[in-house]
1. Please identify, among 188, 219, 243, the residue showing maximal mean-square fluctuation in a Gaussian network model of the chain using a 10 angstrom Cα cutoff.
2. With a/c under 1.5 counting as rounded, go ahead and sort region 129-182 into rounded, prolate or oblate using the C-alpha gyration tensor (a ≥ b ≥ c being the square roots of the eigenvalues; past the cut-off, prolate if a/b is larger than b/c, else oblate).
3. In µm²/s, what is D for region 159-218 at 37 °C and 0.692 mPa s, where D = kT/(6 pi eta Rh) by Stokes-Einstein and Rh is the Kirkwood radius from Cα pairs?
4. Going out from 0 in 5 Å bins, what whole percent of all Cα-Cα distances in region 1-69 drops into each bin?
5. Would you mind ranking 79, 232 so that the residue whose beta carbon has the fewest other beta carbons within 10 Å leads the list?
6. Label points 7 Å out from Cα along the Cβ direction at residue 181 and residue 195: separation in nm?
7. At what distance in angstrom do the alpha carbon centres of region 237-283 and region 51-82 lie from each other?
8. For the pair residue 114/residue 17, report the inter-label distance in nm, with labels modelled 7 Å from Cα in the Cβ direction.
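Read the figures in this text as sums done on the coordinates, not as results from a lab. All values derive from a computational prediction rather than experimental measurement. Note that each Cβ is placed from the backbone with ideal geometry, even for glycine, and that neighbours are counted across all protein chains shown.
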């Protein structure tokens, strides 16, 4: 049985104030807002890409703030993104998370930009799995990182019992060929809502949701129906709202995170800013 309780989690953005200082309490306040709407599993410092703007000390500060928070329900499940260009920094973060009972699992991303070989990526992942001593979801996102985890590398890493899932944002069409070579309870997470119906029909049984930040109840309802029937009426208002939330700015002039935070600000207290260049549309806007 997979040790992680929920196949659906919401990947929450990271809050920053107007000076781009990390705001742990605003980040947590958003999570508590989602909790009131029925969300029980949260991915922090992952999927939105903002983790790569955080220093190691900031990431540790966020872990500690989550550990100190007493308002999460007893059945809440917190996942934390771990990825870095420098292995030593990722290892120190993993070791800190290992000492934090509040964090149930990590989502292990591969280093961006440097394009490691498959053998280098395996060594990197094995070291972090050993350091964290918690369930691990591997995160393959070749468009963002420049690295694509091969099927053979996945099988090697999945031999470790701590590796319980894969968040796949690359070639989702390979999943039917991959699943038979993994344990029955190994969970395949879709990275976002794009092509979600097709992904579930191909074998995905988990979701790392961004649209759930805006429409948590709709996300819960649609996911429950989709995961049970493998299909969904795409004309329902809930699904249409979710698809719009997943697509982002209709004009495509603002990147996804600034757009998402602007939408969140209309729903609740101001969620905060992005670190530039995200949200930067002019030199004046950069306070130069």
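1. 243
2. Working: a/c = 2.12, a/b = 1.29, b/c = 1.64.
Since a/c reaches 1.5 but b/c is at least a/b, the shape of region 129-182 is classed as oblate.
3. Values: Rh = 12.2 Å.
D = 269 µm²/s.
4. Whole-percent P(r) values from 0 Å outward: 3, 16, 26, 26, 16, 9, 3, 1, 0.
5. The order, fewest Cβ neighbours first, is 232, 79.
6. 1.9
7. Region 237-283 and region 51-82 have Cα centres separated by 23 Å.
8. 3.3
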